[in-house]
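Values quoted throughout were computed directly from the atomic coordinates according to the rules given, and no laboratory measurement underlies them. These figures come from a predicted structure and were not determined experimentally. Cβ coordinates were reconstructed from backbone atoms using ideal geometry, including for glycine residues, and neighbour counts include every protein chain displayed.
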Amino acid sequence: MLDGSPFASAVQGEPGNLALLREQAWVGDAVLALFAREWLVANSPADADRSELFCRMTCNQFLTALGEPTRVEARIGRVYTGLGLQAAFDYIAAEIVPLYLKQASKRERAKRKTVKR
């Protein structure tokens, strides 16, 4: 998925050391949280339940669709550490937001179907 992307070099090299992986995930989780909050402010209606949307975008259940959550967050952490905050935000926008939007669209369609019944 990442071959040829500008993030490939930063994301590669997942450590075999579990403690290092968790440190990278700790940082990645913080970067993802900041991205999610800024993205939701810019892209959701003011009356939306942003707390719920934030949880959906950052929870382990959602991240599991992209891989093991610690590893997903560690990749974000490595991009941030290697290339900076904007690169990490760009990575999240390219790799995570499309799936989030796809799942949100499915939830909205399912919600409309149950309302019509």
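Points to keep in mind about this one:
- Residue selected from the range 93-117 under the condition free of Cβ contacts under 8 Å to residues at least 40 places away in the same chain and among the hydroxyl-bearing types (S, T, Y), by the criterion farthest from A36 (Cα to Cα): T114
- Output for the range 72-92, where each listed residue is surrounded by fewer than 17 Cβ atoms within 10 Å (Cβ to Cβ) and in contact (Cβ under 8 Å) with a residue 24 or more places away in the chain: T81, G82, L85, A87
- Annotation: of all residues in the range 35-71 being within 23 Å of A19 (Cβ to Cβ) and among the β-branched types (V, I, T), the one that is surrounded by the fewest Cβ atoms within 10 Å (Cβ to Cβ) is T64.
- Put simply, of R107, R71 the only residue that is in a helix (DSSP H, G or I), within 18 Å of E14 (Cβ to Cβ) and not small (G, A, S) is R71.
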